[in-house]
1. Any idea how many residues of the range 87-113 are over 19 Å from K131 (Cβ atoms) and either among the aliphatic types (A, V, I, L, M) or in contact with a Ser or Thr (Cβ under 8 Å, 6 or more places away or on another chain) (or both)?
2. Could you check how many residues of the range 56-73 are outside any strand (DSSP E or B) and not acidic (D, E)?
3. Of all residues in the range 123-139, how many are under 16 Å from V97 (Cβ atoms), in contact (Cβ under 8 Å) with a residue 24 or more places away in the chain and out of contact with any strand residue (DSSP E or B) (no Cβ under 7 Å at 6 or more places or on another chain)?
4. L51 fails exactly one of the following numbered conditions: (1) of a type outside the set (G, A, S); (2) within 12 Å of the chain's Cα centre (by Cα); (3) modelled with pLDDT under 95. What is the number of that condition?
5. Outside any helix (DSSP H, G or I), in contact (Cβ under 8 Å) with a residue 12 or more places away in the chain and either out of contact with any His (no Cβ under 6 Å at 6 or more places or on another chain) or closer than 21 Å to K141 by Cβ (or both), is that true of A78?
6. Considering only the range 17-47, state which residues are buried (at least 18 other Cβ atoms within 10 Å of the Cβ), part of a helix (DSSP H, G or I) and not hydroxyl-bearing (S, T, Y).
7. Grab the helices (runs of 4 or more DSSP H) fully contained in the range 86-145, keeping just those with 1 or more residues being β-branched (V, I, T) and modelled with pLDDT under 90.
8. Quick one: which of D54, D67, D135 is among the acidic types (D, E), within 22 Å of V13 (Cα to Cα) and surrounded by 19 or more Cβ atoms within 10 Å (Cβ to Cβ)?
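The values are calculated or read from the model by the stated rules, or taken from the named source; none is laboratory data. For clarity, every value in this text was computed on a predicted model and none was experimentally measured. Quick reminder, even Gly has a Cβ in these numbers, built from the backbone with ideal geometry, and neighbours come from all protein chains shown.
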Amino acid sequence: MQSSTAKLTTSFVIHKEINQNTFELDKDNNIAKIAWFGKVDVSTASELLKLGGDSVEYNGFTKLLIDRSKLTEFDTEARVWIKDLLKTRAKRLARQVEKLAIINAQSSMGKIFSNMMATAISLIIPNMKMKKFDDLIEAEKWLLE
């Protein structure tokens, strides 16, 4: 059953695109979104995740959407960098985040990494309200509840 108060569509605007990986904002609904594509290197991961952190810390965004549906994998450097980010800045910013929706990856390697990162987030930031989805529309609905 759909909530009558939830807006069923979002209006994301791309603010940064790097090799089909995007950082997007929906200012009306206070959602920052990162959509991963293909094999992501440390340069791309760090740039887009820093933008995500800045949107929370400096611009008051309280909902995050991480779309990994088209992710094949993160390279080794990116995985290490993301793990360090979770232990430092992400842990600090978690108090400001209302919800985190994660779209599951479709590739085998992407699924493995997605599950590892979701587990790491749960362990490092146990109070984070986080949910994994296979469908973008369902994730957006949950963020808008």
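1. The total comes to 3.
2. The total comes to 6.
3. 3
4. (3)
5. Criteria not met by A78.
6. Within the range 17-47, A45 is the sole residue that qualifies.
7. Details: elements: 89-93, 108-124, 136-144.
In the range 86-145, the matching helices (runs of 4 or more DSSP H) lie at 108-124.
8. Numbers: D54 fails: surrounded by 19 or more Cβ atoms within 10 Å (Cβ to Cβ); D135 fails: surrounded by 19 or more Cβ atoms within 10 Å (Cβ to Cβ).
Only one candidate qualifies: D67.
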